[in-house]
Structures are given as structure tokens and as C-alpha cells.
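What follows is a set of notes on a single structure, which appears directly below.
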Amino acid sequence: MSPGLPAVSGGERAPAVGDLRRLDWRFLLPPPRAGAWSHLVILGGQASLSDAAVGLGLARRVSRSISPSAPADALAILEDCDVAFEDARNGLSPGGVLYWEVRRTAAAWLRTTPRAIARRLRKAGLTPLCLSWPRPGFSTARMYLPIGPRGALRWYVDTLMDSGTPIPRAARMLLRLVLRAAPKIAFPFLPRFAVAAVAGRTAGQELPAPLSGLAPLLLLRGQDASRRVVSFYFARASARPEIVLKAWRLSGRNSKTEADQESLHRIRARLDPDAASALPAPLGVLGWAGTAAALENYVPGRPLSLRLRSWRRPLTRKLDDVRAVFDWVSRFDRKTGAGSLAWDPTAVRAWVDAPIARYRAALGATAAAESLFEAVRERGGELLGKSMPLVWSHPDLTPANVHRDGRRLGIVDWSGADARLPLSDLLSFSVIAISRLRGGGPEEYCDALRDLLFSSDRSDRIVAAVRSGFRSILLRLAIDPRFFPLLAVLHWVGRCLDCADRAQAVARGEPGANPHPGESYVEFVEVMASRTDELFAPSRAPWWSS
């Protein structure tokens, strides 16, 4: 554990999801130098926020009112607070940090413009740190967009704003035009602001190096509070982020943060500088408001999750994105190979028998699934004496984690990367990509898998492009094509086991457990089980072998 990171207690109870998310504003403030604030005052919000803040290790003491005799080193003024800012400020000690939610009303409109807020802060003896626009609201914020840096809002519109249907696409185009002509024109008309400041004319608490002087754009990912908060840090005049900070909301994942940085170091060390630039460069771990936060350099590009569903973008260009991913993964696997796996009885026991036994014990197996598993064992026996590479597999190669900037790809979010059987990352990517390209979502993933494996429609350009990618990588990695159906089944069995392990961890109340309600992937196994004979037919020339 790095110095200054909070310890994790095995008996730690996670605060309620709503309270965790309502405290996300802590990532806008400089982290407490002593690891936790001595005295945090929260004005407004649910009473349970106090216990949540203490439980997270944000503060050793939390109060719900101002006391002149007990000044606070951190003060949060939430939107429903009935105390005036100027009165609340008197409870903040010199060098203390302030978070203030400004909900703009018609009566106070002119007093709550960005310039007016800065004047009020300075008049009260505070130094502004950053001003952000919470979207869509304070208690439901999915992001905080910084107002100060000139390029932050334009970068967000160019890089992260959706354009999957006509109205969002038109809004994005209009905003791009407005921001090019007058970057700050919209700021005075925004409906709410989140303010971070420090008491004193000279900031007594600043962001640690290398974040000093930068302003954060926060993305609050996922539907549950165990997901990571991602902060993009901008210099005042920069057109794109300088540094990215990633932090779990719960300290139960602090060790995982450090392990992720070590994995990036190991993987990048196997690559030449040009190839390594496609991955984030790990820049260290900081203790941050009760959790460990990882620093990385920014990998530029618009996520494929947005590019693949962009309205009126030609299918040819979208398929070029998909082909680029297959090409990148094949080159990456050849450069970073984790060794060669001799396919012998020991390998069959480890890679086939063990996961199937775990699947049966954890989830049971239908008669169709048992027939599928028997076919996998038989194929494994037929291939004895062969070999295949072990690869450094991305654990979550979704289109959201693939960035494209011109012709260059960048791959982010390598949390949990490990040596695995080949094709695992591309099997997950392909199902999502096919569904996205058809305008669908998770509810169509099973159909996408079924069509990938079994469709006979030669006019389907999307499936044809993905199949071509698989044939290419099998050839480039010198993998016997007969391994393909075995690898496909084992991949989805593995995803089922991941979900089962996660659900058990949540049921045990483990700190940092990451729930995915309703996710199991068992239906993916059943899709393959329903057509086992086609998948493993010895007399048939399947598409992956042609």
C-alpha cells in the first residue's frame, strides 16, 4: 500500500448508494493533507450523509450546523441549505475548503453569474479553485463540466457528446458552432453551478502535483456507486485534458488501483514507444478523500461507443473502426504475448474441465449446456498436441474503451488485465459492436452472438466484417481454426463465472464489491448450446475456417 492511503477494514460497511453518489463532489476539492478532514460541516442534504462521510474516511467528525466555536476545515453547502453563503462561510477555518451548490433563480440571477460568484468568494476571503456545471442536477449529477478552462466544454462536445439520433446530432453541431465563435457565451445562462474554493487569499490547500493549477471535468460512471469516478484535468488554455484521475468511490478497491497501475507498467514495457502510446501511461497513485486514485496521461480520441452509433455516419466508416480494432488487437497480441500454451492434458484440465466444473457448481447446467460442454471436451481432446498463444487480454474491451483519433486507436481502462486465452477481448467487443451498428443495445446482444456464429445471410455487411476480423487474427496468431468454437464457449463460461463471483461478493457484503444487477451471460451459453451440432460439426466447413 502506498504511503498516505487509507487502510481498509474487513468489516467496512458501504454507505447507501444514494449517499455515496451525493458525496461525489468531494472529488472537486483538494484531498485532505492528513488523509481526512478533521471537521466537515454539511449544510443541507439527507441526515445520513454524515455517517456516510465518516464511513468513507472523508472526515473524523461531521456536523450539520455552523458553530463559531468549532470552525471546520471543510464546508459543504448543498442546494437545499437554508443558510446564506456569507453566514455559512464564517464557520470555515483559514485554509479550509468549500464546496457550494448554487441553484440559480430569477430573483438572484445576476448575483449568481460566474463573475458574480467569483466576486462574492473573494469578498468573503476565499480563493476560487474551480466552477463547474453539474448535469443533469446536483443530486443526480452524471458529470461536472468545468467553466474556467476554455477548451473543456468544447472538448466534451467534440469527444463525449452523443449524436446517435437526429436531435442530439443537431444539438452537438449547433454547440460546436457556438463554442468556436464565442466559447464563453453560454456560461452566464447555465442553471446551476458547483463551486470549489479555499479560505484565504493564498490557497492553503492546493491540488497535489502534477494536478496543481488544473481544473477537473468529472464523469460519474455507472448506475451503481461502486463504479469509478473519472476526472479529466484541464489547464486554463488547453484544448484537451492534460491528466486523467480514476478513483473508486469505496476504499475496498484501493489495492486494485495499485495493481492496475502495475499491470499498465508491465504491458507497456513490452511495447515500442509508438505502440505504447495507445495505452495510458501510469503516473502514480494518490490518497484522495478516503480512496486511492490512479493518475494516467490522457489517451485522445472519440469513443467507438459514440462513433458506431453516430446518426448518418456511413456504415463503411463505422466498419473501418471495427476492422481497426481487430488489426490493433492482433498486432498487440503478437508484441505482448504472455507465452505459448502447449495444448496437453494439463492444459485441458486447467482451461476446460475446471471452468466447466465451476459453472455447473455455481449455476447448474441444462441438458443442452451439458451437451455443449461435452462437445468442448471432445474438441479439446482432438486438438491435443497443438499450441496457442497466451495473450495480455483487455478485461472489458467494449467500444466505450476504444478511442479513435484520426487513424490512431487508443485503448483505456485496463483494470484487471491478465494473461488469458486469445480472442476473449474480441468476442466481447464483437457482440456489442454488432448490436451498436444495428442501432440496438444490451437486449440485442444474444441476437448479435447468434448471428455472428450461425447466420447464413451473406448480405449482412456487419457480421461479414466481424467474421473477417476473426479469420484474420486466427491466421496472424497461427491458431488452429478448430479452436475457435472452444474459445467462444470458454469465454462466455468465464463471463458467467465472473458474474457469479461478483454476485456472491455483493451478497457477502464485501467492501468494494461491484454489482451488475441482472447480468449473468447464462443466456449466451444457452444460445451456443441450442446449436451445438452446428458449432462443432466435424463435416461442416464453418466460416471461421474458410
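See the values below:
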read-out	value
Residue list for region 364-403, restricted to those being out of contact with any strand residue (DSSP E or B) (no Cβ under 6 Å at 6 or more places or on another chain) and assigned to a loop (DSSP other than H, G, I, E, B)	G364, A365, T366, L383, L384, G385, K386, H394, P395, D396, L397, T398
From P94, P68, residue being in a loop (DSSP other than H, G, I, E, B) and surrounded by fewer than 16 Cβ atoms within 10 Å (Cβ to Cβ)	P68
Residue in region 452-467 that is among the hydroxyl-bearing types (S, T, Y) and under 21 Å from V325 (Cα atoms) present	no
Helices (runs of 4 or more DSSP H) contained entirely in region 404-496, each with at least 1 residues that are over 27 Å from Y359 (Cβ atoms) and hydroxyl-bearing (S, T, Y)	461-476
Any hit, region 42-55, residues being under 24 Å from L211 (Cα atoms) and surrounded by fewer than 16 Cβ atoms within 10 Å (Cβ to Cβ)	no
Options I147, I185; residue that is surrounded by fewer than 16 Cβ atoms within 10 Å (Cβ to Cβ), touching a helix residue (DSSP H, G or I) at 6+ places or on another chain (Cβ under 7 Å) and not basic (K, R)	I185
Pairs where the first residue, in region 355-378, is more than 23 Å from E534 (Cα to Cα) and the second is surrounded by 14 or more Cβ atoms within 10 Å (Cβ to Cβ), C-beta under 7 Å, 6+ apart	R358/L497; A362/L497; A362/A500; L363/C496; L363/A500; L363/V522
Test: residue in region 425-441 that is surrounded by 17 or more Cβ atoms within 10 Å (Cβ to Cβ) and over 19 Å from L304 (Cα atoms)	no
Some residue of region 164-179 being β-branched (V, I, T), over 24 Å from the mean Cα position of the chain (by Cα) and under 27 Å from L29 (Cα atoms)	no
Helices (runs of 4 or more DSSP H) lying entirely in region 268-363 (those with 1 or more residues that are modelled with pLDDT of 95 or more and surrounded by 20 or more Cβ atoms within 10 Å (Cβ to Cβ))	304-307, 315-336, 354-363
Subset of region 158-192 that is in contact with a Ser or Thr (Cβ under 7 Å, 6 or more places away or on another chain) and either of a type in the set (S, T, Y) or not in a loop (DSSP other than H, G, I, E, B) (or both) - its residue that is nearest to A107 (Cα to Cα)	P188
Residues of region 100-135 that turn out to be surrounded by 17 or more Cβ atoms within 10 Å (Cβ to Cβ) and more than 19 Å from F187 (Cα to Cα), as a count	2
Some residue of region 141-157 being closer than 28 Å to A108 by Cα and free of Cβ contacts under 8 Å to residues at least 12 places away in the same chain	no
Residue among V376, V402, V391 that alone is in the same structural domain as A433 (by TED's automatic domain parsing), in contact with a helix residue (DSSP H, G or I) (Cβ under 7 Å, 6 or more places away or on another chain) and more than 19 Å from T336 (Cα to Cα)	V376
Residue match in region 295-304 (condition: outside the structural domain of V402 (by TED's automatic domain parsing), over 30 Å from R436 (Cα atoms) and not charged (D, E, K, R))	yes
When residues of region 466-477 are limited to those that are in contact (Cβ under 8 Å) with a residue 12 or more places away in the chain and out of contact with any Phe, Trp or Tyr (no Cβ under 9 Å at 6 or more places or on another chain), the one nearest to R377 (Cα to Cα)	L477
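The values are calculated or read from the model by the stated rules, or taken from the named source; none is laboratory data. Just so we're clear, the structure is a prediction, and the values are computed from it rather than from any experiment. All Cβ positions, even for glycine, are placed from backbone atoms using ideal geometry, and neighbour counts span all protein chains on display.
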